[in-house]
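Novice: The structure that follows is given in the form of structure tokens.
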Amino acid sequence: MRTIPASELIINDDGSIFHLHLRPEQLADTVILVGDPGRVALVADFFETKECEVANREFKSVTGTYKGKRMTVLSTGIGIGNIDISVTELDALANIDFSTRQEKTEKRQLTLLRLGTSGALQPDIKVGDFIFSRTSVGFDGLLNYYKGRNEVCDLAIEQAFMTHTEWNELLPKPYFIDADKELLELFRDTTIEGITIAAPGFYAPQGRWVRLQPQDMQLNEKIESFEYEGRRITNFEMESSALAGMAALMGHRAATICTIIAQRIALDACTDYKPFVRQMIVMALDKLATLK
């Protein structure tokens with residue numbers, strides 16, 4: 001059995017994982033991921049008990065209980081790279097024996113639910129709606145670095161999308177990855193099902209033009225008009241694809257739900273979106289508390 005070198009899995013002197021600073025016993029099987037470290041307190045305020053609070057850089061976490069169910073809430077910061085760190089280290093906390101640096105024989109399956117904010121790409125999706133990313137589209141290329149990528153992705157829709165958009169060969173090849181089916185069913189009655197693009201940036205990768213012009217000024221129009229088996233692309237955000245893809249490769253359950261705070265078609269945005277986010281958090285906690 002492979003022993004993971006110290007350079008590949010860095011463990012701090014206090015027995016915690018390098019970036020997250022969590023120790024294995026501090027991690028619950030149910031993990032809520034948020035981007036903003038300030039949103040950790042918003043989620044944790046609903047916990048009945050709190051057993052630990054840990055912070056390092058943008059990674060802040062609280063483990064406690066909600067309606068008797070043990071949960072961890074963790075902030076990841078913004079972007080795909082931080083999801084690569086967070087999911088890898090969460091899996092290591094669950095499935096690597098830190099004393100031997102070897103994989104455990106019996107694996108823990110984590111439930112990873114990202115609660116984020118997003119911009120809508122279809123005119124009928126309104127600010128305040130909750131989008132469940134049944135499928136996430138990675139514009140970032142992260143999953144292409146991992147072995148087994150093709151086995152967990154939907155290759156047919158990938159090809160259809162690249163053909164429709166006349167995908168530029170200079171860009172990373174997009175990957176389409178589904179959320180966990182059990183989580184899809186759990187949230188079916190409280191969310192709108194969608195296909196979500198995870199972009200590697202906030203500006204040009206999402207078609208925004210401030211001073212630097214996007215390479216393809218028509219890309220968003222092509223995205224909005226894309227349809228596959230009656231399904232369409234609904235929204236932009238920056239993390240869902242890596243979360244769904246890495247979880248699928250590792251055997252965890254994962255999904256993303258986003259509150260819509262901007263309407264890209266109407267060129268409108270809502271800056272006072274906290275009430276919508278709070279409503280999403282309560283809904284998600286109540287649902288997760290029932291999950292076995």
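Novice: Counting only DSSP beta bridges with both residues in the stretch 55-201, tell me the antiparallel percent, nearest 5.
Specialist: Bridges in the stretch 55-201 that DSSP calls antiparallel: roughly 70 percent.
Novice: Let me ask something else about it. Quick check on the stretch 109-232: take the gyration tensor over C-alpha atoms, sort the square-rooted eigenvalues as a ≥ b ≥ c, and tell me if it's rounded (a/c under 1.5), prolate or oblate.
Specialist: Oblate is the answer for the stretch 109-232, as a/c is 1.5 or above yet b/c matches or exceeds a/b.
Novice: In what sequence, highest mean first, do 21-31, 7-17, 248-258, 94-104 appear when ranked by Cβ atoms within 10 angstrom?
Specialist: 248-258, 21-31, 94-104, 7-17
Novice: Along the charge dipole of the chain, Cβ charges K/R +1 and D/E -1, which of Ile261, Ile32, Tyr175 sits furthest on the positive end?
Specialist: Looking along the dipole axis, the top candidate is Ile32.
Novice: While we're looking at this one, here's another question. Near the amide H of Thr117, under 5 Å away, which other amide H atoms are found, from residues 5 or more places off or on another chain, if H is placed in the peptide plane?
Specialist: Amide H neighbours of Thr117: Thr259.
Novice: At q = 0.12, 0.15 Å⁻¹, work out log10 I(q)/I(0) for the stretch 101-176 with the Debye formula, treating every Cα as an identical point scatterer and leaving solvent out; two decimals please.
Specialist: So the normalised log intensities work out to -0.53, -0.78.
Novice: Turning to a different aspect of this structure: Could you give the size of the charge dipole of the stretch 4-98 about its Cα centre, using +1 on the Cβ of each K and R and -1 on the Cβ of each D and E, expressed in debye and rounded to the nearest 20?
Specialist: Computed about the Cα centre, the dipole is about 360 debye.
Novice: Ok, one more. If you put +1 on each Lys and Arg Cβ and -1 on each Asp and Glu Cβ, how big is the dipole of the chain around its Cα centre, in Debye rounded to 20?
Specialist: 380
Novice: Same structure, new question: Pull up the DSSP beta bridges for the chain and report the antiparallel fraction as a percent, rounded to 5.
Specialist: 50
Novice: Distances over 19 Å make up what percent of all Cα-Cα pairs in the stretch 1-95?
Specialist: When every Cα pair of the stretch 1-95 is considered, 37 percent fall beyond 19 Å.
Novice: Let me ask something additional. Which order do peptides 133-145, 62-74 fall in by mean Cβ count within 10 Å, highest first?
Specialist: In descending order of packing, they fall as 133-145, 62-74.
Novice: Under 1.5 on a/c is rounded, so check that first for the stretch 52-172, then, if it is not, pick prolate when a/b is larger than b/c and oblate when it is not; a ≥ b ≥ c are the square roots of the alpha carbon gyration tensor eigenvalues.
Specialist: Cα axes put the stretch 52-172 in the oblate bin.
Novice: Next question. Which of the pairs Lys107/Lys181; Lys60/Lys274; Lys60/Lys147 have their Cα atoms more than 22 Å apart in this structure?
Specialist: Those over the limit are Lys60/Lys147.
Novice: Starting from 0.36 nm per residue, how many nanometres of slack lie between Arg57 and Glu229 once their C-alpha separation is accounted for?
Specialist: Between Arg57 and Glu229, full extension yields 57.6 nm more.
Novice: Show me, bin by bin at 5 Å from 0, the whole-percent P(r) of the chain based on Cα pairs.
Specialist: 1, 5, 12, 17, 19, 17, 13, 9, 5, 2, 0, 0
Novice: Treat each spin label as a single point 7 Å out from the Cα along the C-beta direction, and report the Gln279 to Met1 distance in nm.
Specialist: With each label placed 7 Å out from Cα toward Cβ, I get 4.9 nm.
Novice: How far is helix 155-165 tilted, in degrees, relative to the longest principal axis of the Cα atoms in the chain, given as a value from 0 to 90 rounded to the nearest 10?
Specialist: It is inclined by approximately 40 degrees.
Novice: Dipole magnitude of the stretch 139-267 about its Cα centre, charges +1 at Lys/Arg Cβ and -1 at Asp/Glu Cβ only, in debye to the nearest 20?
Specialist: Dipole size: approximately 340 debye.
Novice: In addition: Once fully extended, how much extra length lies between Thr49 and Glu185, figured as 0.36 nm per residue of separation less the alpha-carbon to alpha-carbon distance?
Specialist: 46.1 nm
The numbers here are math on the coordinates, done by the rules we state, and not lab data. This one's a predicted model, so the numbers in the text were calculated from it and none came from an experiment. We place every Cβ from the backbone using ideal geometry, glycine too, and count neighbours over all the protein chains shown.
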